[in-house]
Amino acid sequence: MAPMKKDGEKEAKLTPEQSAAVILDYLRKQNRPYSATDISSNLKNRVTKAAAAKLLKDMHERNEIEGRAAGKQIVYHVIQDEPDESAVEQLAAMESETTSLREATTGLKTEEKELRLSLREGASQIPLTELKASVAALEQEKDEITARLAKLRSGSIKPISLEERDKVGLEHRKWQKTSNARKKIRNELWKEIEGLTEKEKIEETKEELGLEF
């Protein structure tokens, strides 16, 4: 550890090599660009502005640091490592995804705006009394369904047996077959009647016979 400076004792002047090392160490720690004036000021003038400018220029020429113009002055920073190819590809993919998400968000906001406008227009077109009537009808339907469900859950209604269900199904098929046969006969008879009836009296005759097709 360097000995502490006593009060009134002047700090030893740095050699060019020491000044260059101090500047390079500062740039590495800060990892951002600085001009010679900034570096000299931040180092509390341990390295003068003129000395910092010369040392920075020399280090830049030796490719120890990077330098670039920034307005009327030159700023310097440590040499940055080149990103590997995979990192570049990841950044490109992230940028593409960000763009897609931004476009999707814009589209969703537009859709939301249109839906809100449509909702307001629809609400203004339907009278309040009609809305209340619809709500009342739905409430009544809900009460009826709830009552039917409660009745079913109470067990007062007994389910039919498989034998009863088969019997009812058999009867239904029997009468369905009879109904189809009668319908066929009716259609055939009507064709005969229709062929012998004047066109103006067909509908009248159909009503008199009580026929519906």
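Any read-out appearing in this document is the output of simple, stated calculations on the displayed coordinates, not a laboratory observation. Quick caveat, the model's predicted, so the values are computed rather than measured. Cβ: placed from backbone, ideal geometry, glycine included. Neighbour counts: every protein chain shown.
Descriptive notes on the structure:
- By definition, a body whose alpha carbon gyration tensor gives a ≥ b ≥ c is prolate when a/c is 1.5 or more and a/b is larger than b/c, and region 162-202 fits this prolate description.
- The ranking of 94, 59 from fewest to most other beta carbons within 10 Å of each one's beta carbon is 94, 59.
- In sequence order, region 21-31 has phi-based couplings of 5, 4, 5, 5, 5, 5, 5, 5, 5, 7, 6 Hz under the Karplus curve 6.51 cos²θ - 1.76 cosθ + 1.60, θ = phi - 60°, and Gly or Pro positions carry x.
- Counting other Cβ atoms within 10 Å as a rough exposure proxy, the listed residues 81, 25 run 81, 25 from fewest neighbours to most.
- Each of 190, 175 was scored by other Cβ atoms within 10 Å of its Cβ. Listed from fewest to most, they are 175, 190.
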